[in-house]
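The values are calculated or read from the model by the stated rules, or taken from the named source; none is laboratory data. Here the structure is a predicted model, which means the values were calculated and not measured. As a convention, Cβ positions derive from the backbone with ideal geometry for all residues, glycine included, and neighbour counts pool all protein chains shown. The area values use the complete protein model at the heavy-atom level, side chains included, leaving out ligands, DNA and RNA. Shrake-Rupley method; radii C 1.70, N 1.55, O 1.52, S 1.80 Å.
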Amino acid sequence: MVTLLLDAPDDGPPSLEDALLWKQQYQLEHVSVLIDPAFSLVPGIEVGTPQSTVVDPRTMQVAFLQEGY
């Protein structure tokens, strides 16, 4: 499982420091936190957050998408 940051706290592109801060703030000890400033894993042109996305690792295609809680 990974958490993907799409933007920084100031709504700019996320940095590696932002990812580390997020991981520490939410105590994500067993979860990788990655950044995606280019929105490369966002299917379509919009994203609702929070968003859960399941990616098929064999094809790297989105297999499931859920926006909201």
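In the range 36-69, how many are open to solvent by less than 70 Å² (accessible area, probe 1.4 Å), within 22 Å of D18 (Cβ to Cβ) and among the β-branched types (V, I, T)?
Counting residues in the range 36-69 that are open to solvent by less than 70 Å² (accessible area, probe 1.4 Å), within 22 Å of D18 (Cβ to Cβ) and among the β-branched types (V, I, T) gives 4.
Under 6 Å between Cβ atoms, which residue pairs at least 6 apart in sequence (or on different chains) link something in the range 14-38 that is closer than 11 Å to L4 by Cα with a partner that is open to solvent by 60 Å² or more (accessible area, probe 1.4 Å) and in a loop (DSSP other than H, G, I, E, B)?
Correct list of pairs: P14/D7; P14/P37; V31/M1; P37/P13.
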